[in-house]
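Asker: What follows is a single structure, and I will ask about it in a moment.
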Amino acid sequence: MTEETTDRQEAFFAFDDDEREPGRSRRPIAWKPTAVGLLGLLLGLVLAVSGALAWDDSRKLAGYADRSWVITGTYQDMTNDLQTKTYNPIYRGALPADEAVTAQPFDSGLADPRVPEAGEEIVFRGTQTGEREGHFHQEADALLAVEDGTLQVVETAEAGEFGDGITAGTITGQRIRAALLLLAGLGVAVAGVWYARRLYSAGH
């Protein structure tokens, strides 16, 4: 073995020893800043998703503004869903005392359409899906609108969700709420990352 080869080996092992010196060990993970940053991002994501869902709901309901009715129904039973292997709830309620509802047949989703009477008590299929009774609201709002020449239940939700009816003002309010949730989500995410960086800088 030549003197040059020996010098190279000594230099290599000297470098390896230096890497193992305590003063050059890896910096420990900053768990607190990391946790704060992740929590901020997670909360921001939850708010943003809630805002996106609220905006999507307003988009779906926009077409029914000022041309729909809201009735309240009480849970009666459940029936097979027409498209999936789950179930839909069956509710009992009363049609609006408005002669306009008698201008076309009513489709309850449970029987053949027929012309109803204003204020008539009816049973109707809810739009939610589930596998057991506990998955459904015991009291629900049903949104009624005329589609393809028949009066139909186009949406059901928890009682109080649709208020006194869907109007242009209702849609505007929903969209403002959705926008605020989206902005809040962005703000929480940015604040979480900023505070995490501050904690990291203060600890190092």
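Asker: Show the residue pairs meeting these rules: Cβ distance below 9 Å; 6+ apart or different chains; first residue within the stretch 147-166 and free of Cβ contacts under 8 Å to residues at least 40 places away in the same chain and exposed (fewer than 14 other Cβ atoms within 10 Å of the Cβ); second residue of a type in the set (Ser, Thr, Tyr) and assigned to a strand (DSSP E or B).
Answerer: Gly160/Thr72
Asker: Let me ask something else. Under 7 Å by Cβ, and 6 or more places apart or on different chains, what pairs join a residue from the stretch 176-204 that is over 29 Å from Trp55 (Cβ atoms) and in the same structural domain as Ala35 (by TED's automatic domain parsing) with one that is at pLDDT below 95 and among the β-branched types (Val, Ile, Thr)?
Answerer: From the stretch 176-204, the pairs are Leu199/Val36.
Asker: Spot the failing condition for Pro33; the list is (1) surrounded by 14 or more Cβ atoms within 10 Å (Cβ to Cβ); (2) at pLDDT 90 or above, and only one is missed.
Answerer: The failed condition is (2).
Asker: If you don't mind, another one. Please state which one of Ser50, Ser58 is assigned to a helix (DSSP H, G or I) and either touching a Lys or Arg at 6+ places or on another chain (Cβ under 8 Å) or outside the structural domain of Leu180 (by TED's automatic domain parsing) (or both).
Answerer: Criteria check complete, one pass: Ser58.
Asker: Could you list all residues from the stretch 70-123 that are of a type in the set (Asp, Glu) and without any contact (Cβ under 8 Å) to a residue 40 or more places away in the chain?
Answerer: Answer for the stretch 70-123, where residues must be of a type in the set (Asp, Glu) and without any contact (Cβ under 8 Å) to a residue 40 or more places away in the chain: Asp77, Asp98, Glu99, Asp112, Glu117, Glu120, Glu121.
Asker: Could you check the stretch 151-194 and list, in sequence order, the residues that are within 26 Å of Val70 (Cα to Cα) and among the aromatic types (Phe, Trp, Tyr)?
Answerer: Within the stretch 151-194, Phe162 is the sole residue that qualifies.
The values are calculated or read from the model by the stated rules, or taken from the named source; none is laboratory data. Since the structure is predicted, the reported quantities are computational estimates derived from the model, not experimental observations. Because the Cβ atoms are built from the backbone with ideal geometry, glycine has one as well, and the counts that use them run over all protein chains shown.
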